[in-house]
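Derivation of every value follows stated rules applied to the coordinates shown; laboratory data play no part. In this text, all values refer to a predicted model and were calculated from it rather than measured experimentally. A quick note on method: Cβ atoms are made from the backbone with ideal geometry, for glycine too, and the neighbour counts reach across all protein chains shown.
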Amino acid sequence: MQEDTQDDFDSLDDLGDIGDADALADLEENEPQEKPGSEGGPQNLDLILDIPLTVTVELGRTKMLINDLLQLSQGSVVELTKLVGEPLEVLVNQKLVARGEVVVVNEKFGVRLTDIVSPMERVQSLV
């Protein structure tokens, strides 16, 4: 693995100036074309499978004044912006990736995904 990485760096050194498009084209032509999922290939997902992500399911939101927040006590009701029956939002690292509905599984809450956000929508949400 380390030899492959060193070869990649050596190939980049051979490019010289960033504006050298011919050298870049030569490098791309000489690269072995590997199938997705093949061992050691650039599309090998094994490298990122252990990265932890924060998954949040959002029922709704609200805005409050500090005074109102300080007056909350046990039994207080906080009104949210979502209506009954509206889908929940599933966020990964604070980015919307899906919508779903509440389900109960073994006496625990869960979310049944009803809509996955398209890659184009995800990219637009970054802007």
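Could you tell me which of the residues Leu96, Leu83, Leu91 is without any contact (Cβ under 8 Å) to a residue 12 or more places away in the chain and of a type in the set (A, V, I, L, M)? When all the criteria are applied, what remains is Leu83. For the range 81-124, filtered to residues that are touching a helix residue (DSSP H, G or I) at 6+ places or on another chain (Cβ under 9 Å) and closer than 12 Å to Thr56 by Cα, the residue that is surrounded by the most Cβ atoms within 10 Å (Cβ to Cβ) is Val97.
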